[in-house]
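Everything on this sheet refers to the single structure shown next.
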Amino acid sequence: MASNHTTEPYGYHRPVLLEQTIDALNIRPDGIYLDGTAGGGGHSHAIASRLTTGRLISLDQDPDAIAQAGWRLEGLPATLVQTNFMYMDRALDKLGIDKVDGILLDIGVSSHQLDAPERGFSYHHDAPLDMRMSQSGITAADLVATLSEKELADIFWRFGEEKFSRPIARAIVRERDKSPIETTLQLAELISASVPAAARRDGHPARRVFQALRIAVNGELDCLSAALDTAFDRLNEGGRLAIITFHSLEDAMVKNRFAAWRQGCICPKEFPVCVCGRTPAAQLVLKKPATATPQELEDNPRSRSAKLRCVQKVHDRYTD
């Protein structure tokens, strides 16, 4: 039976690009869907609320997110699993589900993680320098304490596109020789003191470094790369894969993988006719990535950098 959970729960953080995402997924009431990043449960709630005989599988590696989403999804046709979305195939296998009709991945840090100072994701609060989405494994403080100056600079540049990566890394190594860098404000203040005054006027100077550390701690780009092919393989023909990204590295990976699935003939240009027989495995649902409306930008500034891309599966991808 359809649930009457159509209103937003108390304390609800409205997820980014909600209407665009739901439209792109083209949800069928009897379909099976997977939300690989439950977060606060906002997208999952919107999907599950539209199901009757269908089912939602909602994943998240963060135990706090699972608890929050469980409350929001109570009474809806949804199953929660605590795991990283790169392991969605294992979760589906355990549930006896072969294929699904739609998959959503909302990449990046959740509002809850940012708003909980003790999680160490934010440079606005003083807290242990943690940043672990799963709440297990190596912390950001561990990386700051053990990586070489070159390794730190490489992370800041590769994952944060921080142009002052080298002086910041140098300052970190110099400071940690005096005393450990263990809190978010310690690191934020050190970064601020390591960049020119002009850079401090262009948004918070710690933003890119904190992003880079978070990506490194959680292996986010490796997880996304592994998950993309798995997600496509677990779609039914006609199923849709929607992905929301928040920075250029993620978006470029998604865009390139979508392009590879959409590639048809790979015969050399000099061949007069196609002999490979390849046809596109996917087609675009959105010709251009969807972005936040002016109203959403006003209501939720965190949506500023969000991009939604979506493809529809035509047939299984080529693996040669």
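The values are calculated or read from the model by the stated rules, or taken from the named source; none is laboratory data. Here the structure is a predicted model, which means the values were calculated and not measured. Neighbour counts are summed over all protein chains in view; Cβ atoms, including those assigned to glycine, are modelled from backbone coordinates with ideal geometry. These area figures cover heavy atoms from the full protein model, side chains too; ligands, DNA and RNA do not enter into them. Shrake-Rupley method; radii C 1.70, N 1.55, O 1.52, S 1.80 Å.
Taking the condition of being in a loop (DSSP other than H, G, I, E, B) and closer than 11 Å to residue 310 by Cα, how many residues in the range 257-292 meet it?
Of the residues in the range 257-292, 5 are in a loop (DSSP other than H, G, I, E, B) and closer than 11 Å to residue 310 by Cα.
Out of the residues in the range 264-286 that are more than 23 Å from residue 234 (Cα to Cα) and among the charged types (D, E, K, R), state the one that is most open to solvent (accessible area, probe 1.4 Å).
The residue in question is 269.
Under 6 Å by Cβ, and 6 or more places apart or on different chains, what pairs join a residue from the range 24-40 that is farther than 15 Å from residue 313 by Cα with one that is of a type in the set (A, V, I, L, M) and at pLDDT below 95?
Pairs found: 38/65; 38/69; 39/65.
With the checklist (1) in a loop (DSSP other than H, G, I, E, B); (2) of a type outside the set (Gly, Ala, Ser); (3) more than 26 Å from residue 97 (Cβ to Cβ); (4) open to solvent by 60 Å² or more (accessible area, probe 1.4 Å) in hand, flag the one item residue 295 doesn't pass.
With (1) in a loop (DSSP other than H, G, I, E, B); (2) of a type outside the set (Gly, Ala, Ser); (3) more than 26 Å from residue 97 (Cβ to Cβ); (4) open to solvent by 60 Å² or more (accessible area, probe 1.4 Å) applied to residue 295, the lone miss is (1).
I want to confirm something. Restricting to the range 120-144 and keeping residues that are assigned to a helix (DSSP H, G or I) and touching an Asp or Glu at 6+ places or on another chain (Cβ under 8 Å), which single residue is surrounded by the fewest Cβ atoms within 10 Å (Cβ to Cβ)?
Here the residue is 141.
For the range 56-103, which residues satisfy the criterion of being among the β-branched types (Val, Ile, Thr) and more than 20 Å from residue 26 (Cβ to Cβ)?
66, 79, 81, 83
Given the criteria among the basic types (Lys, Arg), part of a helix (DSSP H, G or I) and either closer than 30 Å to residue 152 by Cα or touching a strand residue (DSSP E or B) at 6+ places or on another chain (Cβ under 8 Å) (or both), does residue 309 qualify?
no
When the residues of the range 63-103 are narrowed to those that are part of a helix (DSSP H, G or I) and aliphatic (A, V, I, L, M), which ends up most open to solvent (accessible area, probe 1.4 Å)?
67
Just checking, how many residues over the range 248-286 are at pLDDT 95 or above and of a type in the set (Lys, Arg)?
3
Among the residues of the range 27-53, how many are open to solvent by 10 Å² or more (accessible area, probe 1.4 Å) and assigned to a loop (DSSP other than H, G, I, E, B)?
Selection size over the range 27-53: 11.
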